[in-house]
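The values are calculated or read from the model by the stated rules, or taken from the named source; none is laboratory data. Please read all numbers here as calculations on a predicted model, not as lab measurements. Glycine also receives a Cβ, built like all others from the backbone with ideal geometry; neighbour counts cover every protein chain displayed. Side chains are part of the model used for accessible areas, which takes the heavy atoms of the whole protein and leaves out ligands, DNA and RNA. Shrake-Rupley method; radii C 1.70, N 1.55, O 1.52, S 1.80 Å.
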Amino acid sequence: SKHPDEAWTFFEWFFGGTPADDRAKAGWGLPIFKSKMDLLPKETDFDKQINTVLQDELNYTSQYLKVNPYLAGGGWSIFDKYVQPLYFGKSNLDEAIKGMTKDANVAIQEAKDAIDSQ
């Protein structure tokens, strides 16, 4: 930015000031600061359920997701192979999960075998 000080001032205001409070109170997205989580709506049963899930998720926010080093590219090609039919009603979730698990296990074993044979 040509104006880094002004950009930072805007960033602080937008993510930490009144706009952030307004978004949190409206339930529009999650605040980036844990201190603003108390502003999220809690009136309806749905709001309460969302807050319960979010509070549980906070237990995992300080950790990185562990990636299996044997799944090249994070397994996205496997995911795409099985999620596409779901979009068009040609598969169901149970079939997709079963196929993803099978293909991921095959890919992991093939990668392990390739490393062991070197």
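Would you kindly derive the ³J(HN,Hα) couplings of the range 9-22 from the backbone phi angles with the Karplus curve 6.51 cos²θ - 1.76 cosθ + 1.60 (θ = phi - 60°), listing them in order in whole Hz, with x for Gly and Pro?
4, 5, 4, 4, 5, 5, 9, x, x, 4, x, 5, 4, 4
Hey, what do the phi angles of the range 54-63 turn into as Karplus ³J(HN,Hα) couplings, whole Hz, using 6.51/-1.76/1.60 and θ = phi - 60°, x for Gly and Pro?
4, 4, 5, 5, 4, 5, 10, 6, 9, 10
Would you calculate a helix-derived [θ] at 222 nm for the chain, using -39,500 (n - 2.57) for each DSSP H run of n ≥ 4 and dividing by the full residue count, to the nearest 500?
-19500 deg cm²/dmol
How large a share of the accessible area of the range 1-53, in percent, is made up of carbon and sulfur atoms when the probe is 1.4 Å and the other protein chains stay in place?
Reported share for carbon and sulfur atoms: 62 percent.
Under 19 Å between alpha carbons: how many lysine pairs meet that in the chain, if sequence neighbours fewer than 8 apart on the same chain are excluded?
Here the count comes out as 14.
I'd like the Karplus ³J(HN,Hα) series for the range 98-104: coefficients 6.51, -1.76, 1.60, θ = phi - 60°, whole numbers in Hz, and an x wherever there's a Gly or Pro.
4, x, 4, 4, 4, 5, 5
Using a cut-off of 14 Å between beta-carbons, work out the net charge of the residues near Ser91 (Lys and Arg +1, Asp and Glu -1, Ser91 not included).
Surrounding charge for Ser91 is 0.
Considering only C-alpha atoms, what is the centroid distance from the range 80-118 to the range 12-57, in Å?
Going from one Cα centre to the other spans 36 Å.
Rolling a 1.4 angstrom probe over the protein heavy atoms, how many square angstrom per residue are accessible across the chain?
Counting only protein heavy atoms, the per-residue value for the chain is 82 Å².
Normalised by the number of residues in the chain, what is the relative contact order in percent for Cα pairs under 8 Å and 6+ residues apart?
14
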